[in-house]
Amino acid sequence: MDEDWDNLLILDACRYDQFTRLNTICGNLEARTSLGSATPEFLEKNFHDSIHHDTVYVTANPMYRTLNLGDVFHSVVDVWNTGWDEQQKTVPPEEVTEAALSAHEKYPNKRLIVHFMQPHYPFIGNSSESLGDHAGFEHTYRAVTDGEASRDNPTVWELIESGAIDERSALDAYDENLTVVLPHVERLVNEFPEKTVVTSDHGNLVGERILPFGSARYGHPRGTYTEGLRKVPWLIIDGKTRKEVNAETPRRVRNEDTDVVSERLANLGYTET
């Protein structure tokens, strides 16, 4: 939050090297080291015991609602609740984009954080069709709702580890999940006249071998501090103007139903709430 920006666009689980290969948005690309290797750690270490009443948080990720961080922001826009796609089991990027544009208009004197769900799985591009059923939603849903953890389908990372799918197909789908969201990010960059930064909350392991584990590792386990998980992009777009930002009393909203939050997290593959 000490960095200089008016709008901060977050891509969930986007690696720095992945972004470097696939980015289509003009700007000055730098790197930063994230404070965490998973979303809850990122949120806790950036926002616990802090006040940013000059900022509005627009998020596709329901994790924020589970962490009891208090009134950190002036307002939180829960796109995970209003824009959820039950078939895809995620929030499509266009839903986040529309919510961000509305928030930008509604709160002209607030910094804006926009948290997209992609490229975090579930993969929603065409490449994902070759992977078959993959998610692990059943396990996490049952774990967080009734404590009976079981699963009908393995996660995409477990499918790789078991040999059910090849690594290349899964990583191609992961890359495509970034290309799916980038046009929507670019639309915001083009429509926001102020200084905007595109970044990520954390990266993702794509087959690295990490001591003391001898096998290839995938995903983004919490508390694992490797370059692939903590080195994130920091793309700076200077813009044509700056916001005149002011802090105001938080806008109170009702607490989201705990079961709804848990289900959304489960569908995104989170086992830890």
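FYI, it's all coordinate maths here, none of it is from the lab. Not measured: the values here are computed from a predicted model. Methodologically, a virtual Cβ is constructed for each residue, glycine included, from the backbone with ideal geometry; neighbour enumeration extends over all protein chains shown.
Mind ordering 221-228, 174-181, 57-64 by average Cβ neighbours within 10 Å, highest first?
Per-residue mean Cβ counts within 10 Å order the peptides as 57-64, 174-181, 221-228.
From the residues THR55, TYR16, ASN246, which one has its Cα farthest along the dipole of the chain in the positive direction, the dipole being from +1 and -1 charges on Cβ of Lys/Arg and Asp/Glu about the Cα centre?
Of THR55, TYR16, ASN246, it is ASN246.
What are the principal axis extents of the Cα atoms in the stretch 3-124, in Å, biggest first?
36, 36, 29
Using all Cα-Cα distances in the chain, what percent lands in each 5 angstrom bin from 0 up to the longest?
Distribution as computed: 1, 6, 13, 17, 20, 18, 12, 7, 3, 1, 0 percent.
Among the lysines in the chain, how many pairs, 8 or more places apart or on different chains, have alpha carbons under 29 Å apart?
20
Note down the magnitude of the dipole of the stretch 35-99 about its Cα centre, charges +1 on Lys and Arg C-beta and -1 on Asp and Glu C-beta and zero elsewhere, to the nearest 20 debye.
180
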